[in-house]
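Chemist: Before I ask anything, here is the structure I am working with.
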């Protein structure tokens, strides 16, 4: 027969469990919108970055916005070598938040079901439990094709479609070896181009670059638009652990969504690449756009 002396303790335990459930401390599940975790009180949120200028300045934007919202944050002591490494660090709980990119994040995770045309749902299915992909900003770090202004004028280039009438040009550049980089054959299939690949040559007529490469701003390159969406999307978004994805944090980070464009991020990254402080650069831009209180 059970010892009656244990009953009061069981009653207290049951009451505590009920209280935890009602306050949301017992866990949460993913939804379509920002999840209001009771972990708004948890912290500080450790933010990690890779070594690129854009990752560092986006992380600085996150720091400024979260601090302004009263969320405790600190930067990780070391930088990761790539976006894939920061993705895995968040997924494994070593850091709480990092700038991430859509296609790169999926590539860093175990293969999962995809829903073409629905990146949000695809990420939700691919991410492990307790890790959230918050809504992305407009800014992308995807592969782009760019030409000098002189080349654009000489051949009338504004879109990838225009390359078909430009004759034989060379294709190469710093990002030509990236997994998302298009080949001359794939571009020919979609756009009817006549390009010859030259590998990573920086002297190619058509340069394969990441969209926020500082060279685009520094050299005034013309980024060719992609009307057939042949290049995969790489919008930047906050990859965050559920304990840190409280309502205050989610609302603060969402302030970037409509304001941060690829062009603006490229300018910010170019400034940091030139030696400017990521935090100072981020603070100045946020204030100039009315995003800090």
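The values are calculated or read from the model by the stated rules, or taken from the named source; none is laboratory data. The structure presented is a predicted model; accordingly, all values stated were derived computationally and were not measured. Cβ placement follows ideal geometry from the backbone for every residue including glycine, while neighbour counts extend to all protein chains displayed.
Chemist: Residue 100 passes all but one of (1) surrounded by fewer than 17 Cβ atoms within 10 Å (Cβ to Cβ); (2) in contact with a helix residue (DSSP H, G or I) (Cβ under 8 Å, 6 or more places away or on another chain); (3) modelled with pLDDT of 95 or more; which number fails?
Modeler: (1)
Chemist: Please pick out the residue among 137, 146 that is crowded, with 21+ Cβ neighbours inside 10 Å and assigned to a strand (DSSP E or B).
Modeler: Exactly one residue qualifies, and that residue is 146.
Chemist: Sticking with this one: Do the conditions hold for residue 71, that is, is it part of a loop (DSSP other than H, G, I, E, B), surrounded by 15 or more Cβ atoms within 10 Å (Cβ to Cβ) and either in contact (Cβ under 8 Å) with a residue 60 or more places away in the chain or outside the structural domain of residue 264 (by TED's automatic domain parsing) (or both)?
Modeler: yes
Chemist: Taking residue 226, is it out of contact with any helix residue (DSSP H, G or I) (no Cβ under 7 Å at 6 or more places or on another chain), closer than 24 Å to residue 257 by Cα and either surrounded by fewer than 21 Cβ atoms within 10 Å (Cβ to Cβ) or in the same structural domain as residue 150 (by TED's automatic domain parsing) (or both)?
Modeler: When the stated conditions are applied, residue 226 does not pass them.
Chemist: Got a number for residues in the range 242-258 being touching a helix residue (DSSP H, G or I) at 6+ places or on another chain (Cβ under 9 Å) and not in a helix (DSSP H, G or I)?
Modeler: Selection size over the range 242-258: 4.
Chemist: Quick check on the range 157-203: of everything there that is part of a helix (DSSP H, G or I) and exposed (fewer than 13 other Cβ atoms within 10 Å of the Cβ), which residue is farthest from the chain's Cα centre (by Cα)? Outline the logic, then answer.
Modeler: Kept after step one, since they are part of a helix (DSSP H, G or I), are these residues of the range 157-203: 160-165, 184-191.
Filter once more, so that each one left must be exposed (fewer than 13 other Cβ atoms within 10 Å of the Cβ): 165, 185, 189.
Numbers: 165: 35, 185: 29, 189: 29 Å.
Within the range 157-203, the match that is farthest from the chain's Cα centre (by Cα) is 165.
Chemist: Of the residues 194, 155, which single one is touching a strand residue (DSSP E or B) at 6+ places or on another chain (Cβ under 8 Å), more than 28 Å from residue 117 (Cβ to Cβ) and in contact (Cβ under 8 Å) with a residue 24 or more places away in the chain?
Modeler: Step by step, each of 194, 155 is checked, and only 194 is touching a strand residue (DSSP E or B) at 6+ places or on another chain (Cβ under 8 Å), more than 28 Å from residue 117 (Cβ to Cβ) and in contact (Cβ under 8 Å) with a residue 24 or more places away in the chain.
Chemist: Still on this structure, I have one more. Pick out the one residue from 115, 106 that is at pLDDT 90 or above and either surrounded by fewer than 20 Cβ atoms within 10 Å (Cβ to Cβ) or in a helix (DSSP H, G or I) (or both).
Modeler: Working: 115 fails: at pLDDT 90 or above.
Of the residues listed, the single one that is at pLDDT 90 or above and either surrounded by fewer than 20 Cβ atoms within 10 Å (Cβ to Cβ) or in a helix (DSSP H, G or I) (or both) is 106.
Chemist: Something else now. Mind telling me which of the residues 290, 246, 275 ends up being surrounded by fewer than 18 Cβ atoms within 10 Å (Cβ to Cβ), over 16 Å from the mean Cα position of the chain (by Cα) and under 19 Å from residue 68 (Cβ atoms)?
Modeler: Checking each option against the conditions leaves just 290.
Chemist: For residue 87, which of the numbered conditions (1) under 22 Å from residue 282 (Cβ atoms); (2) assigned to a helix (DSSP H, G or I); (3) free of Cβ contacts under 8 Å to residues at least 60 places away in the same chain fails to hold?
Modeler: The one condition residue 87 does not meet is (3).
Chemist: Hey, another quick one. When residue 98 is evaluated against the numbered criteria (1) touching a residue at least 24 places away in the same chain (Cβ under 8 Å); (2) more than 18 Å from residue 245 (Cβ to Cβ), which criterion, by number, is the only one it fails?
Modeler: (2)
Chemist: Being in contact (Cβ under 8 Å) with a residue 12 or more places away in the chain and outside any helix (DSSP H, G or I) is the filter; apply it to the range 259-276 and report the residue that is nearest to residue 233 (Cα to Cα).
Modeler: Taking the candidates together, the pick is 261.
Chemist: Across the range 204-220, what is the number of residues that are in contact with a helix residue (DSSP H, G or I) (Cβ under 7 Å, 6 or more places away or on another chain), over 15 Å from residue 171 (Cα atoms) and either at pLDDT 95 or above or not in a loop (DSSP other than H, G, I, E, B) (or both)?
Modeler: Count: 4.
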